[in-house]
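Novice: One structure is given below, represented as structure tokens, and several questions about it will come after.
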Amino acid sequence: MYKKLIAGEFGLKETFWKYGVLGTLVVLLIVKIFGALLAPRLAGVSIYAYYTTYFNPLTMDRAILVYTVCYLTSLFILLGYNVSMILAVWRSANAYERSPWLGRIAKGLMLLLVYICLKSVF
């Protein structure tokens, strides 16, 4: 199924709305949840600063370590998913025969969605 999706074999409507918009928002929600769980434990310090300055393996808080791994993993999944959805929507829009304008609009909106999504995380 993933191979067909990336190849653009699904319709533009299904690819854009179901996998592009809804899928991206679900993965973004997961990233935001792990970020919200991690933020109070870091007490205003960035992840990089925490692990370079304050981290001590002997007295570490395991919850911070688990939330950091979950947050960074979900962040990498979000990045990979966004790249694959851009490819899927792009190819599906190229194969869309009804209206070339709808294909172009879908491409632009997908790029805008990915930009807004990544801007909200970083």
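The values are calculated or read from the model by the stated rules, or taken from the named source; none is laboratory data. Predicted model only: the values in this text are computed from it and were never measured. Here the Cβ is made from the backbone with ideal geometry for all residues, glycine too, and neighbour counts use every protein chain on show. Each accessible area value is taken on the protein alone, full model and side chains, heavy atoms only, with ligands, DNA and RNA left out. Shrake-Rupley method; radii C 1.70, N 1.55, O 1.52, S 1.80 Å.
Novice: I'd like to check something: does segment 50-61 contain any residue that is open to solvent by 80 Å² or more (accessible area, probe 1.4 Å) and touching a Lys or Arg at 6+ places or on another chain (Cβ under 7 Å)?
Specialist: No.
Novice: When the residues of segment 91-106 are narrowed to those that are in a helix (DSSP H, G or I) and out of contact with any helix residue (DSSP H, G or I) (no Cβ under 6 Å at 6 or more places or on another chain), which ends up surrounded by the most Cβ atoms within 10 Å (Cβ to Cβ)?
Specialist: Taking the candidates together, the pick is 91.
Novice: So in segment 19-36, with the set limited to residues that are open to solvent by less than 70 Å² (accessible area, probe 1.4 Å) and not β-branched (Val, Ile, Thr), which one is nearest to the chain's Cα centre (by Cα)?
Specialist: 28
Novice: A further question on this structure: Of the numbered conditions (1) at pLDDT 95 or above; (2) open to solvent by less than 30 Å² (accessible area, probe 1.4 Å), residue 81 satisfies every one except a single condition; which is it?
Specialist: Residue 81 satisfies all of (1) at pLDDT 95 or above; (2) open to solvent by less than 30 Å² (accessible area, probe 1.4 Å) except (2).
Novice: Limited to segment 93-115, what total is found for residues that are in contact (Cβ under 8 Å) with a residue 60 or more places away in the chain and more than 14 Å from residue 21 (Cα to Cα)?
Specialist: Going through segment 93-115 one residue at a time, the tally reaches 6.
Novice: Just checking, does segment 41-50 include any residue being within 20 Å of the chain's Cα centre (by Cα), part of a helix (DSSP H, G or I) and at negative phi?
Specialist: Within segment 41-50 (the criterion being within 20 Å of the chain's Cα centre (by Cα), part of a helix (DSSP H, G or I) and at negative phi), the answer is yes, since at least one residue qualifies.
Novice: Another question, then. Could we say that residue 6 is open to solvent by 70 Å² or more (accessible area, probe 1.4 Å), closer than 26 Å to residue 122 by Cβ and in contact (Cβ under 8 Å) with a residue 12 or more places away in the chain here?
Specialist: no
Novice: Note down all Cβ pairs under 9 Å where the first residue falls in segment 59-75 and is more than 16 Å from residue 122 (Cβ to Cβ) and part of a helix (DSSP H, G or I), the second is of a type in the set (D, E, K, R) and open to solvent by 40 Å² or more (accessible area, probe 1.4 Å), and they're at least six residues apart or on different chains.
Specialist: Final answer for the pair search is 63/41; 64/41; 67/41.
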